[in-house]
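The values are calculated or read from the model by the stated rules, or taken from the named source; none is laboratory data. All figures in this text were calculated on a predicted structure; none of them were measured in a lab. Note that each Cβ is placed from the backbone with ideal geometry, even for glycine, and that neighbours are counted across all protein chains shown. Calculation scope for accessible area: heavy atoms of the full protein, side chains included, ligands and nucleic acids excluded. Shrake-Rupley method; radii C 1.70, N 1.55, O 1.52, S 1.80 Å.
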Amino acid sequence: MKLKKYIISMSISLVVSYTALAQEKRLEKANESFDQYAFVDARKIYLDVARNGYASADLYKKLGDSYYFNAELEESVKWYEELVNGYSDQIDPEYLFRYSQSLKSVERYDDADKAMEQFNNVTGTDQRAEYFVSTRDYLKFIEMQSGRYKLKKLYINSRFSDYAPSFNNQGQLVFASSRGGENGMIKTLHEWNEMPFLDLYASDLIGDRKILTTPEKIKGKINTRFHESSTSFSKDGTTVYFTRNNYTKKKLGSNSKGTILLKLYRAKLEGEKWVDIEELPFNSDEYSVAHPALSADEKKLYFASDMPDSKGLSDLYVIDINEDGTFGVPKNLGNKINTEGRETFPYVSDSGQLYFASDGHVGLGGLDIFVAVPENRGFSIPYNVGKPINSSEDDFTFVLNEETKIGYFSSNRHGGKGNDDIYRFRQTKELITSCTQYVNGVLTDANTREILPESDVLLLDSNNNELSRTVTDSKGNYKFEVACETSYIVRGSKSGYSPTEAPLITNVALEYTHQLPLQLGKGGLSGQEVRPGDDLARILKLQIIYFDLDKSFIRSDAEVELQKIIATLKQYPKLKIDVRSHTDSRATDDYNMYLSERRARSTIKYITEKGGIDASRISGRGYGETSLINSCANGIDCNEKQHQVNRRSEFIIIQ
């Protein structure tokens, strides 16, 4: 009996061991396919293994990625969820980002935001996390930006992938398509997604309504048995830049790992055929260079690449095109544009606006389309173009004729005909392409927290010039429209209270609102017994007006305090003050007297010129080191902080 049990036990053990070994061998085979980007082949094995009860962090990563990198984000949610919930201590933070993006694809925005919170807590310095933290109201901003385009589905789409539309400036729309698989004429299947390889097609744009004719392959030797996509044409239509697999002079190239990457090529039009195809010199076998976009003057070429100095999965670059057709050195477009995610498919309009697709900037899910406007020598921060161009799925390859306001883009959203579809749009309103924020706050009593309706609130620039003013409503609310990356001062005043100011420095975020509670403190001159000889600075509880060593200019921290003096002088037009400036004991007595005179004049000048106060209401003089307020006299060893206390100005009421 014991022997029988032993034999049965050993048999079960052998079966379990054999099964585990078989699963491991299958996973090894799947991993080989995965590493070669044969995601669909790998996925079949992963799914079968998962159905048989096998679970691991690596399995869930690979399953999620096999969908994620095929733009099937909805299908990746389940596997990333298993990964994050069961193996959070075994995952790279990047999977939190991918999980968040996948959740957006099924419009689970609250859950997506929680995943990004985790991502931010773990990474800290990732630009994508910083954008999320600073634009928590991104859905509100996108909604405000939305409704500026009208979309139309196109019959030219196939059940395969159609994307990357461009104008060839000869009355045609050129695009990439894998429709070679229609009618049984299947071109080689790509292992990445088991779709036929892409070729370039063209449709004529007929009449005022720009009706598209049946697409035909472009003529010449551009199309091969590998991928061709994303084109950009010269104004005269005789030069084209395009993307192709690493296939030059009928030789297929690969990187050191055996992977075939993407390169940029240029061709010339001869009659109706494209000839003289040449690989661009800044390509490499070791990284991809793809998706060209010519500037309006054709002096620059923009493109996407994961070359060594790229920040993310792909960055946007620009390179100069010299008059003789040679090229300069690729330049990364920098941190305003590029993130640790994907920035790809650039397009530059005739006015110089840069449109591109990104999943690193905050959007609705997958790739969203953004626009950055030219400024100085670069571009502004990017702005999401909103719905209906953008969706919870991938939206990309945007082109626009700014004269007709008609353009095209691609998306894999629901309701299309195939894998990716091209959509036509007409722009009906201009986009918001200046960084505007709305600052709102509430004026309250500093002691009782009581709201203060019908109070004056001023918005000042950094030089204390008035930009705007308003009156708080019945609930003590105020609101200003401000620019991003700008310094302001907000000043509140009400009878019976001291005028109070707060600095405001806006950020680069596109938040719709930014709360700024502003509190007014009771006191001031109303309700107080004020006599000549009192120091106005003490009554108003100002910070001491300090000067730097051996200097008489007004420091930025002193400007805020002087503005309170100015506001009080304006509120009480009969008030007169005497400005008394002091130095520390260092340097000679005569020099210090001279320095304090300069400081007094500098202070008076600021109040009269910046504040518009009549000079007859302000007198003043310097007292040198004659009125020290501590023991730091000549010959006494004191530190810098102790000396600074003596470098001050006082504001003595004389009437």
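Would you check if there is a residue in the range 353-371 being part of a loop (DSSP other than H, G, I, E, B) and among the hydroxyl-bearing types (Ser, Thr, Tyr)?
Looking for residues that are part of a loop (DSSP other than H, G, I, E, B) and among the hydroxyl-bearing types (Ser, Thr, Tyr), one finds none in the range 353-371, hence no.
For GLY378, are the conditions met, namely being surrounded by 18 or more Cβ atoms within 10 Å (Cβ to Cβ), touching a Lys or Arg at 6+ places or on another chain (Cβ under 9 Å) and touching a residue at least 40 places away in the same chain (Cβ under 8 Å)?
No, not satisfied.
Residue-wise test of (1) charged (D, E, K, R); (2) more than 18 Å from LEU367 (Cα to Cα).
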| site | (1), (2) |
| --- | --- |
| THR397 | no, no |
| LYS405 | yes, yes |
| TYR408 | no, no |
| GLY416 | no, no |
| ASN419 | no, no |
| ILE422 | no, no |
| THR428 | no, yes |
| THR433 | no, yes |
| ASN440 | no, yes |
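Run down ILE142, ILE206 and say which single residue is β-branched (Val, Ile, Thr), at pLDDT 85 or above and over 26 Å from the mean Cα position of the chain (by Cα).
Residue meeting the stated conditions: ILE206.
Counting only residues that are closer than 25 Å to THR433 by Cα, among the aliphatic types (A, V, I, L, M) and modelled with pLDDT of 85 or more, which one in the range 459-497 is least open to solvent (accessible area, probe 1.4 Å)?
The extreme case among them is LEU459.
Considering each residue of the range 600-653, count those that are β-branched (Val, Ile, Thr), modelled with pLDDT of 85 or more and out of contact with any Leu (no Cβ under 9 Å at 6 or more places or on another chain), and give that number.
2
Conditions (1) under 22 Å from the mean Cα position of the chain (by Cα); (2) of a type outside the set (Phe, Trp, Tyr); (3) farther than 29 Å from GLN437 by Cα, marked per residue:
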residue: PRO374; (1), (2), (3): yes, yes, no
residue: PRO382; (1), (2), (3): yes, yes, no
residue: VAL385; (1), (2), (3): yes, yes, no
residue: ILE389; (1), (2), (3): yes, yes, no
residue: GLU393; (1), (2), (3): yes, yes, no
residue: PHE398; (1), (2), (3): yes, no, no
residue: ILE406; (1), (2), (3): no, yes, yes
residue: HIS414; (1), (2), (3): no, yes, yes
residue: ASN419; (1), (2), (3): no, yes, yes
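Looking only at the range 327-369, how many residues end up being farther than 19 Å from ASP306 by Cβ and free of Cβ contacts under 8 Å to residues at least 40 places away in the same chain?
The qualifying residues number 2.
When the residues of the range 559-589 are narrowed to those that are of a type in the set (Ser, Thr, Tyr) and farther than 15 Å from SER627 by Cβ, which ends up farthest from the chain's Cα centre (by Cα)?
THR588
Working only within the range 78-130, note down all residues that are closer than 17 Å to GLY341 by Cα and among the charged types (D, E, K, R).
ASP92, GLU94, ARG98, LYS104, ASP113, GLU117, ASP126, ARG128, GLU130
Which of the strands (runs of 3 or more DSSP E) contained wholly in the range 269-339 include at least 1 residues that are among the acidic types (Asp, Glu) and at negative phi?
In the range 269-339, 273-279, 315-320 are the strands (runs of 3 or more DSSP E) which contain 1 or more residues that are among the acidic types (Asp, Glu) and at negative phi.
Mind checking which residues of the range 621-632 are at negative phi and either open to solvent by 60 Å² or more (accessible area, probe 1.4 Å) or touching a helix residue (DSSP H, G or I) at 6+ places or on another chain (Cβ under 9 Å) (or both)?
ARG621, GLY622, TYR623, GLU625, THR626, ILE629, ASN630, SER631, CYS632
Residues in the range 145-171 that are farther than 23 Å from ASP208 by Cα, of a type outside the set (A, V, I, L, M, F, W, C) and over 16 Å from the mean Cα position of the chain (by Cα): how many?
7
Filter the range 414-446 down to the residues that are part of a loop (DSSP other than H, G, I, E, B) and either open to solvent by 40 Å² or more (accessible area, probe 1.4 Å) or aliphatic (A, V, I, L, M) (or both) and list them by number.
HIS414, GLY415, LYS417, ASN419, THR428, LYS429, GLU430, LEU431, ILE432, THR433, SER434, ALA446
Somewhere in the range 142-153, is a residue open to solvent by less than 10 Å² (accessible area, probe 1.4 Å), under 26 Å from ARG51 (Cα atoms) and hydrophobic (A, V, I, L, M, F, W, C)?
There is no residue in the range 142-153 that is open to solvent by less than 10 Å² (accessible area, probe 1.4 Å), under 26 Å from ARG51 (Cα atoms) and hydrophobic (A, V, I, L, M, F, W, C).
Buried (at least 22 other Cβ atoms within 10 Å of the Cβ), in a strand (DSSP E or B) and of a type in the set (Gly, Ala, Ser) - does that describe any residue in the range 399-410?
Taking every residue of the range 399-410 in turn, at least one turns out to be buried (at least 22 other Cβ atoms within 10 Å of the Cβ), in a strand (DSSP E or B) and of a type in the set (Gly, Ala, Ser).
From the list VAL471, VAL457, exactly one residue is on the phi < 0 side of the Ramachandran plot and touching a residue at least 60 places away in the same chain (Cβ under 8 Å). Which is it?
After ruling out the rest, the residue left standing is VAL457.
Test ASP111 against the stated conditions and say whether it is within 24 Å of LYS311 (Cα to Cα) and either out of contact with any strand residue (DSSP E or B) (no Cβ under 8 Å at 6 or more places or on another chain) or modelled with pLDDT of 90 or more (or both).
Considered against the rule, which asks whether it is within 24 Å of LYS311 (Cα to Cα) and either out of contact with any strand residue (DSSP E or B) (no Cβ under 8 Å at 6 or more places or on another chain) or modelled with pLDDT of 90 or more (or both), ASP111 comes out as no.
With (1) closer than 22 Å to ASP320 by Cα; (2) assigned to a loop (DSSP other than H, G, I, E, B) as the list, and TYR241 as the residue in question, which single condition is left unmet?
All conditions are met except number (2).
Among the residues of the range 245-268, count how many are surrounded by 15 or more Cβ atoms within 10 Å (Cβ to Cβ), of a type in the set (Gly, Ala, Ser) and in a loop (DSSP other than H, G, I, E, B).
Within the range 245-268, residues that are surrounded by 15 or more Cβ atoms within 10 Å (Cβ to Cβ), of a type in the set (Gly, Ala, Ser) and in a loop (DSSP other than H, G, I, E, B) number 1.
Applying the selection to the range 140-169, what residues are outside any strand (DSSP E or B) and touching a strand residue (DSSP E or B) at 6+ places or on another chain (Cβ under 8 Å)?
PHE141, ILE142, GLN145, ARG148, LEU154, TYR155, ILE156, ASN157, SER158, PHE160, ASN168, ASN169
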